[in-house]
Ligand code: PLP
């Protein structure tokens, strides 16, 4: 298998893929693949409900929260959040931490008034702004944060205290990577294709009051209420992606749960950040130390020439996905939950060797 450091869709655990393969043609002796089955069948409904209950268990989601399994990716949530939750006269507040929060606010601007509550743009988004710098407008409908900026490689270490104002988190690139106190959020959403399985299903975790009374003048499929009141079975769900997300959640559980996964993630990333920090300046981490991500490690080498050579040689050594996002350049190693320790060790060794040959 490749040393897969893709930013998304990303690596899946071998065990999950193997189980998916074993069950692919004849799911639970039904004579059918799960993807050939009616989404109204008891077998599919069991899979669907189990994904919700595993999410609830592993993330400690309170009973007063709904868990929706939607389509359209996190990008659709950028629009659904303001369509549903930003009434006239209120302001959608956003913390600007990089590329994905910029996309989120742009969508909100199509529907209502928005405000930038804090920004690290002046520092090229190399850090999460000080939480004490967040200024909430008086009539804020919510504060939206991007818990992990996938492209810049920054991550909130703690979340802001917003008092009565609802906190909404885009956790697409770090959901399930560390324990989070869900009760501090009114809503959390994430595309599945980094830590939760293949692309195709989008998870929305929301306090009931956020999703049970949506405006009537927006399309049916865009109303949270439609999905919340129909157990996310109003229309055909992305059944195969939901099924694989279930296998992924069972894998997390077998690893001991989210706190244990975080420990593994810290050990994995330490190997690579240490290699950067001990390189005497050959490698430079992009993110400020205090904002470093456990999921996306962004770094540079002093010339673009060497960066290109690094990518080329890494590919020849079986590494995939180390080129930085086209919008920021440099290098990026995405170390999501399913990336094994041995891939990170191999990368740290490769980096040290590359430096020896080119430093
Ligand atoms: N938010 C973050 C933090 C992301 O990393 C991504 C995708 O990489 C998205 C949103 C967009 O997700 P999707 O492709 O599911 O629309």
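Going 7 Å from the Cα of residue 19 along its beta-carbon direction, which residues of segment 200-243 have the amide nitrogen within less than 12 Å of the resulting point?
Counting only backbone N, you get 243.
Once the principal axes of the Cα atoms of the chain are found, what is the range along each, listed largest first in whole angstroms?
62, 58, 30
Build a GNM of the chain with springs between Cα atoms under 10 Å: which of 52, 193, 278 gets the top mean-square fluctuation?
The residue that fluctuates most here is 278.
Using 0.36 nm times the number of residues separating residue 123 and residue 284, minus their current alpha carbon distance, what extension gain do you get?
So the chain would gain 56.4 nm between residue 123 and residue 284.
I want to check the label-to-label distance for residue 157 and residue 220. Put each point 7 Å from Cα in the C-beta direction and report it in nm to one decimal.
4.9 nm
Return the Rg/Rh value of segment 72-141, two decimal places, where both radii are evaluated on C-alpha atoms and Rh is the Kirkwood radius.
So for segment 72-141, dividing Rg by the Kirkwood Rh gives 0.98.
Label point 7 Å out from residue 342 along Cα-to-Cβ: which residues of segment 1-25 have amide N under 19 Å?
It comes to 1-6, 11-19, nothing else.
How much FRET efficiency would the formula 1/(1 + (r/R0)^6) give for residue 315 and residue 270, where r is the Cβ-Cβ distance and R0 is 30 Å, rounded to 0.05?
In this case the efficiency is close to 0.75.
What percentages, rounded to whole numbers, describe P(r) for segment 257-358 computed over all alpha carbon pairs with 5 Å bin width beginning at zero?
Per 5 Å bin, starting at zero, the Cα-Cα P(r) for segment 257-358 comes out as 2, 13, 25, 27, 20, 9, 3, 1, 0 percent.
Within segment 64-102, list the residues whose amide N lies under 17 Å from a label point set 7 Å along Cα→Cβ of residue 130.
Zone members listed by number: 96.
Arranged by the count of other C-beta atoms within 10 angstrom, fewest first, what order do 311, 182, 211, 201 take?
Arranged by neighbour count, lowest to highest, 311, 182, 211, 201 become 311, 182, 211, 201.
Using 0.36 nm per residue, how much length does the chain from residue 308 to residue 139 gain when fully extended, once their Cα-Cα distance is taken away?
In short, 56.0 nm is gained.
Mean separation of Cα pairs under 8 Å and 6+ residues apart, divided by the residue count of the chain: what relative contact order is that in percent?
That works out to 22 percent.
Taking springs between alpha-carbon atoms closer than 10 angstrom, which of 131, 86, 58 fluctuates most in the Gaussian network model of the chain?
Looking only at 131, 86, 58, the largest GNM fluctuation is found for 131.
For the chain, set up a Gaussian network in which alpha carbons nearer than 10 Å are linked by springs, and say which option among 139, 337, 195 fluctuates the most.
Sorting by GNM fluctuation, first place goes to 139.
Of all beta bridges DSSP finds with both residues in the chain, what is the antiparallel percent, to the nearest 5?
Taking every DSSP beta bridge with both residues in the chain, the antiparallel ones total about 50 percent.
Is segment 160-210 rounded, prolate or oblate when judged by the Cα gyration tensor, a ≥ b ≥ c being the square roots of its eigenvalues, rounded requiring a/c under 1.5 and prolate requiring a/b larger than b/c?
Prolate.
With a point put 7 Å past each Cα toward its Cβ, work out how far residue 64 is from residue 110 in nm, to one decimal.
Here the answer is 3.3 nm between the modelled labels.
Relative to the present Cα-Cα distance, how much length would full extension add between residue 2 and residue 277 at 0.36 nm per residue of separation?
Roughly 96.4 nm would be gained on extension.
Based solely on its DSSP helices, what 222 nm [θ] is calculated for the chain when runs of n ≥ 4 H residues each add -39,500 (n - 2.57) and the sum is averaged over all residues, nearest 500 deg cm²/dmol?
Rounded to the nearest 500, it is -11500 deg cm²/dmol.
None of the figures in this text is laboratory data; all of them are computed from the coordinates on show. Only a predicted model underlies this, so the values are computations on that prediction, with no experimental measurement involved. Because the Cβ atoms are built from the backbone with ideal geometry, glycine has one as well, and the counts that use them run over all protein chains shown.
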